[in-house]
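**Student:** This is the structure, below, for whatever I ask next.
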Amino acid sequence: MSGAYTQLLLQVMRDGCASRMMKRMTMLVLALAVLTPIGTNMIDRRDVGWAVMAGAPAFLILLWCGSFLKSAVQQNHPAYACLVPQLRRRLIVLTTVVWAVSVMLVAGLAALVVGHFGYLLVAAAFFFCYMLYVQRYSVLAFLPSLLILGSVSVFRQPLHALWGVIGPLGEPALTGIGLLAAAALGGAALQQVFPRGGDSHWTWHARHAMLQRRLQGDAPKRGENNNWSRWSMLLRVGYRSALRRDSRGGAASGSMLLHTFGPGAHEGGYHAYALLVTLAATLAVLCSGSDTFVVRNLMRASMMQACVLVGVMMYAFELVKGATRNGAEQAIYCLAPAAPSTAQLNRVMGAALLKRFMRVWLVAVLCAAGLDMVIQGAPRLYASTFVLSAALLPFSCALLRNYAVLPASPSQMATLVGTFLATVAYLILIGVERHVQQFSLFCIGVAIALASLLMLRWRWQRLMVLPAVLPAGRLLA
């Protein structure tokens, strides 16, 4: 590999913030790959340990490939794509090589566990093509969920019929045909991800930069307000109506205060997400017909309960980020006649934050319990769901903090790491649940809930003796 390609590849490591996040995620995954086999060996489930040892490197490959793709797209700036000789061609060649090597490695690691290297090679190739298209068209991020739901409901019979036709061809033939189709899709995707420059490239680059700012919670630039509001408000169901209602007067001071935390402090979108996941799972079971058992096992394996519950943690992080990024709005509100007094500000803020958090937590827990009942076909609750629900209560303590000395940060590291750890914890709980009595796990959940209440009481008392913690960041040096 020439020096130019090496420089393009190592650019991932030169992005200090992103590289630190990737290194931390790598260390967490490697620690999981080392510790899980030890635990599975103790409960005589070595097959699970081998699966984790093979899955962890495959996950890291996908993680670093995503980071590389993001870096490569940023390097293909519209100005550089035309002015820097051979930059676009080198990025396409480098991405092709990285993708080809990664597809082989991921398929090989997966084949060590389940076999059928050819089929896994085709599946990995198509997934990496999907990564390319998602980089250009972000709306495709929802495609896997739609395909999973469709494969067990609407498209179930057509897929069975299709496999009955192409299955007799055998794995070698299907692998060759699949790789040719993946190569064609990948070639078209590379042309889309790395434009040649010009007006269309500038337009897409501006739209991509706007999306990145939106994901980091930054304010829109001039001229972006219309598109920003149109799409972001879809994720904040009921925010506008709540803002209009509270603006007419008569609203509680806590509700008015949380409006200064930004639109992300409104919990309507999180309620809608939990309810939609529960509704989709219920409809999938009702439409599964004779494959109800298979659909329920698939839902259990896909950890839909964890997907619902992690929304509680994400909401807690969003509240903290919203507080630190809207200090100016909080300063203006504190000057209003309807604002709570300085002596009452901490009490009003803490009560409002806990009320919002507990509403999100309660809806998520009820939806997760509903998913348990749908999966089991009976009014029963999984012990793993109960423990994870209780484990989310300590995040309420993180809301009661001294925002006056808390700096604003655009980093998504806390959200990513928290989501990853919650998912891993739920996987471990599912494995433990099969080998120990559920009563002991329920006792652990009760203990976590009680400890969370004690911690919450201590945090509340400490918050009450602090001076006014808003506006956020006002005591930073």
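The values are calculated or read from the model by the stated rules, or taken from the named source; none is laboratory data. The model shown is predicted, which means the values in this text are computed figures rather than measured ones. Cβ coordinates were reconstructed from backbone atoms using ideal geometry, including for glycine residues, and neighbour counts include every protein chain displayed.
**Student:** Give the stretch 461-477 a look and list any residue that's surrounded by fewer than 17 Cβ atoms within 10 Å (Cβ to Cβ) and not charged (D, E, K, R), or say none.
**Tutor:** Answer for the stretch 461-477, where residues must be surrounded by fewer than 17 Cβ atoms within 10 Å (Cβ to Cβ) and not charged (D, E, K, R): Q461, M464, V465, L466, P467, L475, L476, A477.
**Student:** A further question on this structure: Just to be sure before I move on: is L309 buried (at least 17 other Cβ atoms within 10 Å of the Cβ), modelled with pLDDT of 90 or more and part of a helix (DSSP H, G or I) in the structure I sent?
**Tutor:** Taking the combined requirement at face value, the residue does not satisfy it.
**Student:** Ok, one more. Out of all the residues in the stretch 333-366, which are farther than 12 Å from G254 by Cβ and modelled with pLDDT of 90 or more?
**Tutor:** Once the filter is applied, which keeps residues that are farther than 12 Å from G254 by Cβ and modelled with pLDDT of 90 or more, the stretch 333-366 yields F357, M358, R359, V360, W361, L362, V363, A364, V365, L366.
**Student:** Of all residues in the stretch 193-205, how many are surrounded by 14 or more Cβ atoms within 10 Å (Cβ to Cβ) and in a helix (DSSP H, G or I)? Before you say what the answer is, go through the steps one by one.
**Tutor:** So in the stretch 193-205, the residues surrounded by 14 or more Cβ atoms within 10 Å (Cβ to Cβ) come out as 193-195, 197, 201-202, 204-205.
After this cut, where a residue has to be in a helix (DSSP H, G or I) as well, the list is 193, 201-202, 204-205.
Residues meeting the conditions: 5.
**Student:** Taking only the stretch 154-175 into account, find how many residues are at pLDDT 75 or above and either of a type in the set (A, V, I, L, M, F, W, C) or closer than 17 Å to G115 by Cα (or both).
**Tutor:** Within the stretch 154-175, residues that are at pLDDT 75 or above and either of a type in the set (A, V, I, L, M, F, W, C) or closer than 17 Å to G115 by Cα (or both) number 8.
**Student:** Of these, A72, A111, A56, which one is surrounded by 14 or more Cβ atoms within 10 Å (Cβ to Cβ) and under 28 Å from G170 (Cα atoms)?
**Tutor:** Values: A72 fails: under 28 Å from G170 (Cα atoms); A56 fails: under 28 Å from G170 (Cα atoms).
Result of the check over A72, A111, A56: A111.
**Student:** Quick one: S138 ticks every box in (1) surrounded by 13 or more Cβ atoms within 10 Å (Cβ to Cβ); (2) closer than 23 Å to A72 by Cα; (3) modelled with pLDDT of 80 or more bar one, so which box is it?
**Tutor:** (3)
**Student:** Right, another one. Taking interchain pairs and intrachain pairs at least six residues apart, which have beta carbon atoms under 7 angstrom, with the first residue in the stretch 265-288 and surrounded by fewer than 16 Cβ atoms within 10 Å (Cβ to Cβ) and the second part of a loop (DSSP other than H, G, I, E, B) and hydroxyl-bearing (S, T, Y)?
**Tutor:** Close Cβ pairs satisfying both conditions: C287/S153.
**Student:** Of all residues in the stretch 319-352, how many are in a loop (DSSP other than H, G, I, E, B) and closer than 17 Å to P263 by Cα?
**Tutor:** So the answer is 1.
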